[in-house]
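**Q** One structure, as structure tokens, below. Some questions next.
The values are calculated or read from the model by the stated rules, or taken from the named source; none is laboratory data. All values derive from a computational prediction rather than experimental measurement. Neighbour counts run over all protein chains shown; Cβ positions are idealised from the backbone, glycine included. Side chains are part of the model used for accessible areas, which takes the heavy atoms of the whole protein and leaves out ligands, DNA and RNA. Shrake-Rupley method; radii C 1.70, N 1.55, O 1.52, S 1.80 Å.
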Amino acid sequence: MSVYEKNLEKNKANFVPLTPLTFLVRAKEIYPNYEAVIYEDRNYTWHEVYKRCVKFASALSKIGIKKGDTVSFLAFNTPEIFEAHYSVPMTGAVLNTINIRLDAKTISYILDHGEAKVLVVDRQLHVEVKKALSSIKRKIIIIDINDKYADHSKCEKIGDREYEEFLKTGDENFQWKMPEDEWQALSLSYTSGTTGNPKGVVYHHRGSYLMSTGSATAWNMPNRLNFLTIVPMFHCNGWGYPWTVPMLIGRTICLRNIDVKKIFELIDKYNVTHFGGAPIILNMITGAPEKDRKKLKQKVYVLTAGAPPPSIIFKKMKSLGFEVMHVYGLTETYGHVTQCAWNESWDEFNEEKQNEIKARQGVRYPNTEGVTIMDPETMKEVPKDSKTIGEIMIKGNVVMKGYFKDKDATDKAMKGGWFHTGDLAVMHPDGYVKIQDRSKDIIISGGENISSIEIENTLAKHPSVSIAAVVAKPDEKWGEVPCAFIEMVKDKPVTEKELISFCKETLAGFKVPKKVEFCDLPKTSTGKIQKFELRKKAKELI
């Protein structure tokens with residue numbers, strides 16, 4: 001034992017478990033009358049948000065919810081799900097936010113596997129939720145969100161309790177407790193589960209606290225910012241921003257449904273400074289009709305993550321006054337853990353080169369201890385040559401506790417002391433990561449590895465292409481060949497032959513799509529293209 005460890009021990013004065021719950025307490029104590037959450041005509045101050053969270057926590061406690069229980073939410077981006085990020089953990093329970101676009105079978109699986117004791121659900125989701133509940137034998141307490149801004153032609157009562165009425169049963173002087181251990185579970189998020197059942201990803205208080213602080217630093221987020229919730233709060237807890245924004249005493253402006261006209265209106269009305277969104281959202285913004293746009297009063301900072309964005313999107317967004325930073329992460333890493341941090345020496349490059357760099361996944365966040373690319377078999381780092389493909393590996397305090405009730409999957413994912421992402425990438429000489437593909441999305445044609453992303457980026461540069469997705473199509477001669485699925489820009493028709501010719505101008509012959517199909521691309525609620533659906537379609541194409 002060193003001299004610095006003798007008689008210098010952890011105690012209640014010098015060691016307090018890290019938790020994002022402290023951000024709300026601080027906001028309420030120091031800035032009680034500042035605006036905190038805005039949704040249509042609902043406007044809450046920090047004092048009011050805190051009081052609502054405490055009362056809801058008390059109401060949950062009164063019906064028996066305690067430490068380690070699961071409370072599930074199926075909700076749009078409205079104040080209720082924002083409050084859940086505090087009210088549920090105030091009871092010691094674990095918040096399980098569920099994707100609102102899931103089918104009844106998957107919802108049922110999540111509620112059952114996650115052992116939900118309570119489900120808070122928006123009435124607009126009654127059709128799938130009632131089906132899901134019909135197959136669950138044990139009792140789940142249902143609390144409805146009756147939102148007057150929902151489409152009431154599609155709303156129906158689900159449970160015996162309504163959110164605002166239930167909240168009134170709580171005590172605003174409820175003595176809730178901070179977690180005794182920062183490793184205590186805070187939330188449970190389920191992966192998309194494109195093959196088989198989704199996996200439950202468990203976050204702890206420490207990781208959520210560090211994600212919040214790291215995000216603010218990496219994105220240069222100021223105090224008093226105006227944050228628009230486009231990323232669903234059910235997705236990786238809204239990338240952690242329900243905790244980050246209160247830390248910065250920012251305003252959260254809630255957006256229930258993705259509507260590009262509404263996005264421009266809210267940016268204009270509330271002087272929105274920051275928002276996040278998948279590339280599909282950026283594509284909607286840049287493709288918005290002139291009548292739906294409003295000229296920005298100031299620069300708006302945007303994070304994009306999900307499918308690697310084509311470089312052209314950065315140019316289009318910049319022309320409208322948006323500054324986009326590309327980030328990368330997974331559900332298992334609390335959301336984004338790498339960023340394409342800008343280097344001033346790149347300012348002298350031409351615009352096309354700059355946009356190409358911006359499309360990289362980049363370098364690790366300040367809250368991430370390690371990001372590298374390795375051969376998953378040998379666990380040796382690949383050379384930084386921009387060519388050798390390996391798997392992105394991550395380690396740090398913002399890696400999940402593990403998969404809920406699945407030790408084998410957890411051990412496999414954490415093998416060798418690193419989290420295995422399943423994303424294939426190269427490392428540039430400057431240490432910046434660039435994804436080539438998901439391991440399952442690499443196209444192997446005649447023994448050659450082809451990056452679907454490279455082809456998608458090429459297609460996206462064509463003026464008639466709104467969104468491009470490329471998958472493998474079975475081929476007798478080559479094993480498989482690239483097949484492109486295209487959403488066209490409205491009023492800008494293009495033919496299969498024209499797009500193939502366009503690709504031939506810059507791509508090697510074996511990388512050029514052998515088939516181009518025009519359609520509406522299947523997407524998840526967070527804007528990711530569902531390539532497993534496209535692979536099914538590709539098998540049926542002649």
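**Q** About the Cα centre of segment 46-122, how large is the charge dipole given +1 on each Lys and Arg Cβ and -1 on each Asp and Glu Cβ? Please answer in debye to the nearest 20.
**A** 260 debye
**Q** Show me, for segment 471-479, the HN-Hα J-couplings you get by feeding each phi into the Karplus relation (A = 6.51, B = -1.76, C = 1.60, θ = phi - 60°), rounded to Hz, glycine and proline as x.
**A** Each residue of segment 471-479 in turn: 9, 7, 10, x, 9, 4, 7, 9, x Hz.
**Q** Do any chymotrypsin sites (Phe, Trp or Tyr not before Pro) in segment 125-234 lie in a DSSP loop with no more than 15 other beta carbon atoms within 10 Å, and if so, which?
**A** Here the chymotrypsin sites (Phe, Trp or Tyr not before Pro) that fit, given the DSSP loop and packing criteria, are Y149, W183.
**Q** Could you please state how large a percent of the accessible area of the chain is carbon and sulfur, counting protein chains only and using a 1.4 Å probe?
**A** It is 49 percent, rounded to a whole number.
**Q** Putting +1 on Lys and Arg Cβ atoms and -1 on Asp and Glu Cβ atoms, find which of T372, V260, Q298 reaches farthest to the positive end of the dipole of the chain.
**A** Result: V260.
**Q** Something else about it: With the contact rule set at Cα under 8 Å and sequence spacing of 6 or more, what percent relative contact order holds for the chain?
**A** 11 percent
**Q** Is there a quick way to get the dipole size of segment 159-308? I mean about its Cα centre, with the Cβ of Lys and Arg at +1 and of Asp and Glu at -1; what is the value in debye to the nearest 20?
**A** Charge dipole, segment 159-308, about its Cα centre: 840 debye, nearest 20.
**Q** Something else now. Quick one: which residues, 5 or more positions from Y403 or on another chain, have an amide H under 5 Å from its amide H? H modelled 1.01 Å from N in the peptide plane, none for Pro or chain starts.
**A** Sorted by chain and number, the residues that satisfy this are T410.
**Q** Determine, for segment 293-382, the count of lysine pairs separated by eight or more sequence positions (or lying on different chains) whose alpha-carbon distance falls under 18 Å.
**A** 17
**Q** Here's another thing I want to ask about it. With every protein chain present, what is the per residue accessible area of the chain (1.4 Å probe, Å²)?
**A** That works out to 45 Å² for each residue.
**Q** Putting +1 on Lys and Arg Cβ atoms and -1 on Asp and Glu Cβ atoms, find which of F82, P32, S58 reaches farthest to the positive end of the dipole of segment 1-121.
**A** Checked the options; the winner is S58.
**Q** Sort segment 266-311 into rounded, prolate or oblate with this rule: let a ≥ b ≥ c be the square roots of the eigenvalues of the Cα gyration tensor; rounded if a/c is under 1.5, and if a/c is not under 1.5, prolate when a/b is larger than b/c, oblate otherwise.
**A** Oblate, because a/c is 1.5 or more while a/b does not exceed b/c.
**Q** How large is the helix-only mean residue ellipticity at 222 nm for the chain, computed as the sum of -39500 (n - 2.57) over DSSP H runs with n ≥ 4, divided by its residue count, in deg cm²/dmol to the nearest 500?
**A** One gets -8500 deg cm²/dmol as the mean residue ellipticity at 222 nm.
**Q** State the antiparallel share, in %, of DSSP beta bridges confined to the chain, rounding to the nearest 5.
**A** 55 percent
**Q** Rounded to the nearest 20 debye, what is the charge dipole size of the chain about its Cα centre when +1 sits on each Lys and Arg Cβ and -1 on each Asp and Glu Cβ?
**A** The calculation lands at about 660 debye.
**Q** Among the listed pairs K139/K405; K105/K492; K51/K105; K157/K537, which are separated by more than 29 Å between their Cα atoms?
**A** Over 29 Å apart, Cα to Cα: K105/K492; K51/K105; K157/K537.
**Q** With a/c under 1.5 counting as rounded, go ahead and sort segment 323-424 into rounded, prolate or oblate using the C-alpha gyration tensor (a ≥ b ≥ c being the square roots of the eigenvalues; past the cut-off, prolate if a/b is larger than b/c, else oblate).
**A** It comes out prolate by the Cα gyration axes.
**Q** Under 5 Å between amide H atoms, partner at least 5 residues away or on a different chain: which partners does S466 have, H built in plane at 1.01 Å?
**A** Under 5 Å from the amide H of S466: E487, M488, V489.
**Q** Another question, if that's okay. Fully extended, how many nm does the chain gain between N146 and N350 (0.36 nm per residue separation, minus their Cα-Cα distance)?
**A** Gain on stretching N146 to N350: 68.2 nm.
**Q** Further, regarding this structure: Can you pull out the trypsin sites (Lys or Arg not before Pro) in segment 136-213 whose DSSP state is coil and whose Cβ has at most 14 other Cβ atoms within 10 Å?
**A** K137, R138, K139, K148, K157, K177
**Q** How about segment 8-99: which chymotrypsin sites (Phe, Trp or Tyr not before Pro) there lie in a loop by DSSP and see at most 15 other Cβ atoms within 10 Å?
**A** Those satisfying the criteria are F15, Y34.
**Q** Right, another one. Students often forget the sequence filter, so: which aspartates and glutamates lie under 12 Å Cα-Cα from K415 once same-chain residues fewer than 8 apart are removed?
**A** Filter leaves E377.
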